[in-house]
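The values are calculated or read from the model by the stated rules, or taken from the named source; none is laboratory data. Since the structure is predicted, the reported quantities are computational estimates derived from the model, not experimental observations. Neighbour counts run over all protein chains shown; Cβ positions are idealised from the backbone, glycine included.
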């Protein structure tokens with residue numbers, strides 16, 4: 001087969017929206033979707049699942065405009081062949097274990113695994129419960145996981161596995177070396193695009209502390225109504241109803257960020273998540289503390305300077321949306337950008353931190369005699385806000401950009 005064919009494993013939120021993205025983009029001539037099970041009474045149920053969406057509406061209207069007609073039709077019911085707009089789509093419903101999916105027979109070199117079930121790149125391809133690496137056994141040359149890697153125990157990430165975020169470090173992909181990729185998470189993707197321009201424009205060593213909170217839309221890992229936690233579950237709030245709860249939980253965004261922006265590792269970045277009952281659109285609240293310049297000839301890190309850094313980044317990369325309007329989630333849902341910078345809410349404040357030198361046990365005694373007992377160090381606190389559509393607008397589009405880059409690189 002000479003056509004460009006993409007494999008997608010799973011038709012959940014990211015799987016379906018990845019299909020939408022590539023149907024609209026038109027880079028791939030054919031897409032093979034593996035469901036791993038029967039869906040509804042017949043293939044028509046699969047078509048309906050593809051065509052409709054409770055968050056974004058009908059696919060044809062969302063992608064092609066309000067006057068567009070439905071664009072999913074069955075070409076060969078027995079073979080699971082569909083025509084979705086101008087893209088040929090093959091639906092596989094038999095094999096659940098990645099190693100058994102016939103990617104090679106279908107001419108698939110690149111697979112996006114959107115199941116969320118296979119996140120450990122250290123497991124062998126023939127693992128009894130299935131493994132991300134199993135897609136390679138099925139014939140794929142590269143597999144992209146639409147989630148962060150999760151490795152249990154002390155095992156290290158293999159040399160052929162790497163975390164990549166488009167626009168941050170996607171050029172680190174080496175087709176002669178890498179076969180198992182993570183596209184990180186939606187939150188890490190947005191966060192990386194908020195941190196990178198600051199680190200590129202200002203000395204990263206001037207950042208004293210950094211933390212992030214994401215006010216995050218619900219996901220399918222939560223319970224619609226209250227349920228009994230599974231055995232061994234540590235996050236008991238996730239078993240509470242998403243319909244009427246604000247749920248404090250954790251996020252791996254800080255650890256994943258270090259993999260794509262190594263300078264972060266020296267700061268001690270902290271991150272947490274607050275789940276709220278909305279279907280999509282999340283908000284990052286980024287807190288940075290800078291050592292303020294003491295000389296009058298050094299430019300201060302203030303609101304105007306930070307916003308100008310972001311404005312230029314948005315203009316140069318076209319991967320960030322810079323807005324000085326007062327937005328709400330509906331204003332940026334579906335927006336094609338890694339993150340939408342809410343510039344009107346950028347705030348900075350400079351003050352002093354009193355450092356008690358008696359607490360610095362390793363300070364040279366001769367130097368201690370020359371200094372006062374307490375040093376007053378000027379610091380600038382910055383609070384920066386960024387919206388991101390954790391489903392289609394931000395994450396799926398960045399994943400799509402990365403997927404095309406990987407496919408072009410292995411041709």
Inset, instruction - Filter segment 130-140 down to the residues that are assigned to a loop (DSSP other than H, G, I, E, B) and in contact with a helix residue (DSSP H, G or I) (Cβ under 6 Å, 6 or more places away or on another chain), then identify the one that is nearest to residue 96 (Cα to Cα). - result: 130
Legend entry - segment 187-207: number of residues that are touching a helix residue (DSSP H, G or I) at 6+ places or on another chain (Cβ under 6 Å) and under 14 Å from residue 395 (Cα atoms): 6
Inset, instruction - Those residues that are under 23 Å from residue 148 (Cα atoms) and crowded, with 17+ Cβ neighbours inside 10 Å, I need them from segment 220-241; list them, please. - result: 222, 223, 238
Inset, instruction - Test residue 127 against the stated conditions and say whether it is assigned to a helix (DSSP H, G or I) and either touching a strand residue (DSSP E or B) at 6+ places or on another chain (Cβ under 6 Å) or free of Cβ contacts under 8 Å to residues at least 24 places away in the same chain (or both). - result: no
Legend entry - segment 178-209: number of residues that are at pLDDT 95 or above and not in a loop (DSSP other than H, G, I, E, B): 16
Inset, instruction - Could you tell me whether any residue of segment 370-383 is under 26 Å from residue 214 (Cβ atoms), in contact with a helix residue (DSSP H, G or I) (Cβ under 8 Å, 6 or more places away or on another chain) and not assigned by TED's automatic domain parsing to the domain that holds residue 141? - result: yes
Inset, instruction - Kindly provide the set of residues from segment 317-357 that are over 21 Å from the mean Cα position of the chain (by Cα), touching a residue at least 40 places away in the same chain (Cβ under 8 Å) and in a strand (DSSP E or B), ordered by number. - result: 347, 348, 350
Inset, instruction - Inspect segment 53-67 for any residue being farther than 20 Å from residue 17 by Cβ, at pLDDT 95 or above and assigned to a strand (DSSP E or B) and give the result as yes or no. - result: no
Legend entry - Residue that is farthest from residue 123 (Cα to Cα) [pool: residues in segment 155-177 that are touching a helix residue (DSSP H, G or I) at 6+ places or on another chain (Cβ under 9 Å) and part of a strand (DSSP E or B)]: 163
Legend entry - Residue check for residue 256: under 13 Å from the mean Cα position of the chain (by Cα) and either at pLDDT 95 or above or buried (at least 17 other Cβ atoms within 10 Å of the Cβ) (or both): yes
Legend entry - Set 32, 46, 75: member being assigned by TED's automatic domain parsing to the domain that holds residue 118, within 27 Å of residue 99 (Cβ to Cβ), in contact with a strand residue (DSSP E or B) (Cβ under 6 Å, 6 or more places away or on another chain) and part of a strand (DSSP E or B): 32
Inset, instruction - Could you grab me the full set of residues in segment 220-236 that are in contact with a strand residue (DSSP E or B) (Cβ under 8 Å, 6 or more places away or on another chain) and either closer than 24 Å to residue 338 by Cα or part of a loop (DSSP other than H, G, I, E, B) (or both)? - result: 222, 224, 225, 226, 235
